[in-house]
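See structure below.
The values are calculated or read from the model by the stated rules, or taken from the named source; none is laboratory data. Just so it is clear, the model here is predicted, and its values are computed rather than measured. Cβ placement follows ideal geometry from the backbone for every residue including glycine, while neighbour counts extend to all protein chains displayed.
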Amino acid sequence: MWRRALNLLPRRHFSSEPEVPSLYAFLQPSIFALKRDPPISTYPPISTYPRKPQTPQTLSLDHQTTLEASLQASLNSSNTDEAWKSFKALTNSSSFPSKPLTNSLITHLCSLTDTHNLKRAFASVVFLLEKSPNLLEYGTVETLLNSMKEGNTSAPAFALVKCMFKNRYFLPFGIWGNVLVEISRKNGSFEVFLRVFIENCRIALDEKLDFMKPSLVACNTALEGCCCYLESVSDAESVMETMSILGVRPDELSFGFLAYLYALKGLEEKIVELEGLMRGFGFVNKRIFLGNLISGYVKSASLESVSVTILHNVGRDAVDLNFSVETFCQVVKGFLQNGSIKDLANLITEAQKLEPPSIVVDKSVGYGIISACVNLGFLDKARSILDEMNAQGCSVGLGVYLPILKAYCKEQRTPEATQLVMEISSSGLQLDASTYDTLIEASMSSQDFQSAFSLFRDMREARIPDLKGSYLTIMTGLTENHRPELMAAFLDEVVEDPRVVVGTHDWNSIIHAFCKAGRLEDARRTLRRMIFLQFEPNEQTYLSLINGYTTAEKYFSVLMLWNEVKRRVCTDGEKKFKLDHNLVDAFLYALVKGGFFDAVMQVVEKSQEMKIFVDKWRYKQAFMENHKKLKVWKLRKRNFRKMEALIAFKNWAGLSA
């Protein structure tokens, strides 16, 4: 294939019918005055723009200088229409502006980005190519081509390059070739590009112009057109022959396009030859080659060849070097359209037998196929593949389960995810901590608390060393959803697990939630349980309880709480907690409202010992609201001690008057 001469290659005849009308349409309305002849079978050639007058006028030197000055002034002031009039006046008289002025005009027209001025620029360049190509600078032509690319006008771009060839205006390939490559990819005009590519290569060889040698990217674009759009073996091999003659070294992509075409046509011998050529070129990474090969087999519905290709390479190489996400998606599409769930299950089963035990889970064939099902929106199909493998009694790798689990999480189908985790555990496989964390987070987000508890239980039984992340996720979620009874039950279950670090703040969260919900007996019960398990209550523990009792107007319970707290309060720096301002304030306010002035003064005494500032105004207000009619002389008759406490409080609060 590599030794055939370019001029002996069979020439392919391409239809040019769609090109001229699209170009003609691009130039309408006409930039220059176009003589309307009666309809004929072909369109007028590009060289008719601008139309040369039958009797050209000759400009005097002064007139030409005046027109050029007017053209320059119009460009300086961005008066495009006047500049164009001056240019037309010059060219209609067979005169041309200076080279810098000519190129400035065309560049200006290209910069305006509207179709009308782009037509003007195109017509001007074509006219100059035929009449005075030496006036054009390479950069100006490149600017025009780039503007055509941005304006998505492919036909004029190809026509411009053909006009350059026709008038022997040869630019380095890098100036125009890459632009045509981008236009071809954007518009799918590979057939037109192929014609220009072949003509360029002929010129480069005949004229011995190295600077016109196409780039590898351009050669691959021509190959892509032959292989993927025209599906022509002869044209594809002609392009490869041309690359050989020009000394353009193919890359993995070049061989990939040929692999696609040969697989599509069922040319197995040529595929073997192609693999040999790749080894000769020293290409080791076969991902592109195999991806294109499988694409060709899928398009031709040769699913057996797809399976053979995958299994053959799993047995020889590292899978992650050979199969991409896109390849697996094509495999899944092909099997679901032309094969069956059972065929995909068999393919995964056979691949698992060939994969080494040390393979990374997300690099396995099973993971690739199931992930492709999920990514394509076929989650139920993925589950059906798993069920088929189980029905056949096959060993199912973790790679088959994980994509389904992740998809269940994403769709918040947490009960199904939890059930799948139970299946995984019962089969002897083990998930990692991050997977459990993700599943538990999804369960909590969807308020499926029982699934979260089941998953955490499974984590513990699987001896996962790091439980902290999932533990915090569950506790935080229950707190946010105001479920203190579940928090208490969960904490009771895990409190003795050494891998779970339970602290006083966890118990406080439960107590606070119970108090906020008005479930004060549950809060008190949690406090007792907390103390029984040797967790020391702190200021926040009691503050939540006080606020709860105060809201419910259970002031006697606050008094009982104070009796408990004052035994724990220290003033000498022992490990017991110290009273702070918030706790003193809460106790004083509740005890004043409850009328327990003896306890009030005990709190005052402790606050003074610990030098805690107290705002007396707040407690005056509480007293006036609740005990305004309380008389000292009535208390003297009933309870002398209470009377003394009341007097002491009124003196302290400044209510004696």
Practice item. From the list Ile370, Ile348, pick out the single residue that is hydrophobic (A, V, I, L, M, F, W, C), in a helix (DSSP H, G or I), under 24 Å from Met422 (Cα atoms) and in contact with a Phe, Trp or Tyr (Cβ under 9 Å, 6 or more places away or on another chain). Key: Ile370
Check your understanding: Does segment 353-364 hold any residues that are over 16 Å from Ile404 (Cβ atoms), out of contact with any Leu (no Cβ under 7 Å at 6 or more places or on another chain) and part of a helix (DSSP H, G or I), and which are they?
Key -> Lys353, Lys363
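Just to check your reading of the model, which residue among Glu355, Glu273 is among the acidic types (Asp, Glu) and either crowded, with 16+ Cβ neighbours inside 10 Å or within 24 Å of Cys394 (Cβ to Cβ) (or both)? Please lay out each step first, then the result.
Working: Glu273 fails: either crowded, with 16+ Cβ neighbours inside 10 Å or within 24 Å of Cys394 (Cβ to Cβ) (or both).
Of the residues listed, the single one that is among the acidic types (Asp, Glu) and either crowded, with 16+ Cβ neighbours inside 10 Å or within 24 Å of Cys394 (Cβ to Cβ) (or both) is Glu355.
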Exercise for review: For segment 235-255, name all the residues that are buried (at least 18 other Cβ atoms within 10 Å of the Cβ) and in a loop (DSSP other than H, G, I, E, B).
Suggested key: Val248, Pro250
Review point. Which one of these is within 24 Å of Ala159 (Cβ to Cβ), of a type in the set (Gly, Ala, Ser) and at pLDDT below 80: Ser111, Ser47, Ser93, Ser60?
Key: Ser47
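If the requirement is being touching a residue at least 12 places away in the same chain (Cβ under 8 Å), closer than 16 Å to Arg120 by Cα and in a helix (DSSP H, G or I), which of these qualifies: Glu142, Glu182, Glu199? Even if it seems obvious, please write down each step before you answer.
Values: Glu182 fails: closer than 16 Å to Arg120 by Cα; Glu199 fails: closer than 16 Å to Arg120 by Cα.
Answer to the selection: Glu142.
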Practice item. Say whether the condition of being under 50 Å from the mean Cα position of the chain (by Cα), farther than 18 Å from Gly139 by Cβ and not small (Gly, Ala, Ser) is met by at least one residue in segment 85-103. Key: no
Study note, to complete from the structure: Considering only helices (runs of 4 or more DSSP H) wholly within segment 552-648, the ones with at least 3 residues that are modelled with pLDDT under 75 and either among the small types (Gly, Ala, Ser) or more than 25 Å from Pro537 (Cα to Cα) (or both) are 616-627, 632-638
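Can you tell me which of Ser470, Ser451, Ser443 is in contact with a Gly (Cβ under 9 Å, 6 or more places away or on another chain), closer than 16 Å to Thr418 by Cβ and surrounded by 15 or more Cβ atoms within 10 Å (Cβ to Cβ)? Even if it seems obvious, please write down each step before you answer.
Details: Ser470 fails: in contact with a Gly (Cβ under 9 Å, 6 or more places away or on another chain); Ser451 fails: in contact with a Gly (Cβ under 9 Å, 6 or more places away or on another chain).
Answer to the check: Ser443.
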Review point. How about segment 186-219: which of its residues are more than 20 Å from Glu241 (Cα to Cα) and surrounded by 15 or more Cβ atoms within 10 Å (Cβ to Cβ)?
Key: Asn187, Ser189
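Taking the criterion of being over 36 Å from the mean Cα position of the chain (by Cα) and either over 21 Å from Pro415 (Cβ atoms) or acidic (Asp, Glu) (or both), would at least one residue in segment 464-485 satisfy it? Before the answer, list the steps.
Taking segment 464-485 and keeping what is over 36 Å from the mean Cα position of the chain (by Cα), we get 484-485.
If we keep only those that are either over 21 Å from Pro415 (Cβ atoms) or acidic (Asp, Glu) (or both) too, we end up with 484-485.
Yes, segment 464-485 has at least one match.
Restricting attention to segment 256-307, which residues are outside any helix (DSSP H, G or I) and of a type in the set (Ser, Thr, Tyr)? If you could, list the steps in order and put the result at the bottom.
Of all residues in segment 256-307, those outside any helix (DSSP H, G or I) come to 266-267, 282-286, 300-302.
Across segment 256-307, the qualifying residues are Ser300, Ser302.
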